[in-house]
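The values are calculated or read from the model by the stated rules, or taken from the named source; none is laboratory data. Fair warning: this is a prediction, and the values are worked out from it, not measured in the lab. Neighbour counts are summed over all protein chains in view; Cβ atoms, including those assigned to glycine, are modelled from backbone coordinates with ideal geometry.
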């Protein structure tokens, strides 16, 4: 399901800023540079607020300027916080203070799939299948997303039985909180289950997806605890973990990782670094997996 973009999310591209401050004449220490460019930072905030019609309740922060790989540009981080889901993006500011550029630097000499695999963390992650499998499927999913439920069904009923130990599935939580009211609660619960009893991670996930239609923003916690009891998970431990948001850092780490890879809808998967958006049928998905198996020989 494609994420609904709001006006508080800064669009990618090149933005011309009518900054009146003079260009820096020489490199300066970080503290001095920040002081020297505080007016520029304020101007960036004012420009973006007006350009994207950001409401006053949205907090917009421009980080300190630092040296970048480009001689004529500084690097900074701009954070947009609407009180629900803060988002930070890297920007480049021209040293004549006329241009602000948002974007990711791609190394054309590198293998794109290897670059993707380098970003993905496989340590201490919910996993199904052996670590030695020649094909790894990394799935970024939202438990409230119907297409994610469909992909999970295909993986469990078709892909796993067909490929067995030739594949490993790594699960990443990517709740779309701007459009789904109980996705974050479910993501927290799912990561809590992994911490409490890793063996029950997939069965619990299967039960949540199978019962999506019964969950709402008001009953999600109780229903998730009910599913946990049916799956054999310690309910008291799970309730405490959800209420204390003990797994929030893990959910946020997965979401940041997905965003770094360009994930903006769910489900999005990577099959040995090959991006797959949506829930392809078993024929299409098998073709992708078979190609990955062939390349891995």
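Odds and ends about this structure:
- Scanning region 236-251 for residues that are part of a helix (DSSP H, G or I) and either in contact (Cβ under 8 Å) with a residue 24 or more places away in the chain or exposed (fewer than 15 other Cβ atoms within 10 Å of the Cβ) (or both) yields a count of 11.
- Residue within region 208-229 that is in the same structural domain as residue 252 (by TED's automatic domain parsing), touching a residue at least 60 places away in the same chain (Cβ under 8 Å) and not in a helix (DSSP H, G or I) present: yes
- Residue within region 167-190 that is in contact with a strand residue (DSSP E or B) (Cβ under 7 Å, 6 or more places away or on another chain) and assigned to a loop (DSSP other than H, G, I, E, B) present: yes
- Criterion (in contact (Cβ under 8 Å) with a residue 40 or more places away in the chain, assigned by TED's automatic domain parsing to the domain that holds residue 38 and surrounded by 15 or more Cβ atoms within 10 Å (Cβ to Cβ)) met by exactly one of 135, 93, 159: 93
- Qualifying residue in region 131-140 (condition: modelled with pLDDT under 90, assigned to a loop (DSSP other than H, G, I, E, B) and more than 30 Å from residue 196 (Cβ to Cβ)): no
- Extreme residue, modelled with the lowest pLDDT, among residues of region 65-90 that are more than 18 Å from the chain's Cα centre (by Cα) and buried (at least 16 other Cβ atoms within 10 Å of the Cβ): 68
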